[in-house]
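J.: Quick one: structure below, then a few questions.
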Amino acid sequence: MVENGLNQSERRLEYMNTYRTVIGHLSNQIKMYSEIGYPSIVERFVLKNGTMRAGTLYPEEMMTPKECFKNAFELASDNIGVLHYCEGYAIRNGIELPIHHAWCETEDGTVYDPTWTNGDKCEYLGVRIPMEEILEQQKKTGCYGVFAQVMINVDYILSKDPSLKVHLQS
């Protein structure tokens, strides 16, 4: 099978290289920030609990550029039971730096990114966040992104993974 000009084994190798890149960048970021006393709770949470996904082309008209958290929220809201809101880090084609980002995915993990073009050339590492939890966090913070306001939402992250609390105490 050929996808994006690559056969299945070439695509798998590309995916594994990107996975190592994401893990490496986030691990280096955690190390760098820990040297100045920043706990990197979001990065640690996503590395520990996230799932890596290969991107796909979004079949609809793209939504507003640079508003990924709002776009993913609206898409998931309009497709409850079909699409899940996800937040974490993504790598765009040609930019080997993980970017805090939001997208949607189906139950089987097919990614739909309504914000970035060429989603089929992107890779995503993130967690699904149930709609009721997104709505609760929006009410609390006034923001679309659940992890965007990490020091406000640290309680949410710790409720999902209490083991990360040790990083706030150092």
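J.: Hey, got a sec? Which trypsin sites (Lys or Arg not before Pro) in segment 1-95 land in a DSSP loop and have at most 10 other Cβ atoms within 10 Å?
T.: Numbers: sites: R11, R12, R20, K31, R44, K48, R53, K66, K70, R92; in loops: K66, R92.
The qualifying sites are K66.
J.: When the accessible area of the chain is split by element with a 1.4 Å probe, what percent falls to carbon and sulfur?
T.: Details: 4810 of 9280 Å².
Accessible surface attributable to carbon and sulfur in the chain totals 52 percent.
J.: Using unit Cβ charges (K, R positive; D, E negative) and no other charged atoms, how large, in debye to the nearest 20, is the dipole of segment 1-136 about its Cα centre? Could you put the intermediate results ahead of the total?
T.: Numbers: 12 positive and 21 negative charges, 130 e Å.
Using only the charged Cβ atoms, the result is roughly 620 debye.
J.: Quick one, can you get me the convex hull of the C-alpha atoms of segment 22-101 expressed as volume per residue in Å³?
T.: Working: hull volume 9.9 nm³, N = 80.
Measuring per residue, one finds 124 Å³ for the Cα hull of segment 22-101.
J.: Round to the nearest 10 and report in Å² the accessible area of S9, as given by a 1.4 Å probe over the protein chains' heavy atoms.
T.: Probe radius 1.4 Å; accessible area of S9 about 80 Å².
J.: Same structure, new question: GNM on the chain, C-alpha springs below 10 Å: top fluctuator among Y89, Y58, Y33?
T.: Per the Cα network of the chain with a 10 Å cutoff, Y33 tops the list.
J.: Still on this structure: Considering only DSSP states other than H, G, I, E and B, which GluC sites (Glu not before Pro) in segment 56-124 qualify as loop sites with at most 11 other Cβ atoms within 10 Å? Spell out each step's value before the answer.
T.: Working: sites: E60, E61, E67, E74, E87, E96, E105, E107, E123; in loops: E60, E61, E67, E96, E107.
Here the GluC sites (Glu not before Pro) that fit, given the DSSP loop and packing criteria, are E60, E61, E107.
J.: Quick one: order V82, V42 from most to least accessible surface, probe 1.4 Å.
T.: Values: V82 85, V42 10 Å².
Sorted descending by solvent-accessible area, the residues read V82, V42.
J.: Using only the Cα atoms of the chain, what semi-axes does the equivalent ellipsoid have when each is the square root of 5 times a gyration tensor eigenvalue? Give whole Å, largest first.
T.: On the way: eigenvalues 135, 90, 32 Å².
Square roots of five times the eigenvalues give 26, 21, 13 Å.
The values are calculated or read from the model by the stated rules, or taken from the named source; none is laboratory data. Because the structure is predicted, anything quoted here is derived from the model rather than measured. Every residue, glycine among them, receives a Cβ derived from its backbone with ideal geometry; neighbour counts consider all protein chains shown. Accessible surface is based on the protein model in full, side chains and every heavy atom, while ligands, DNA and RNA are left aside. Shrake-Rupley method; radii C 1.70, N 1.55, O 1.52, S 1.80 Å.
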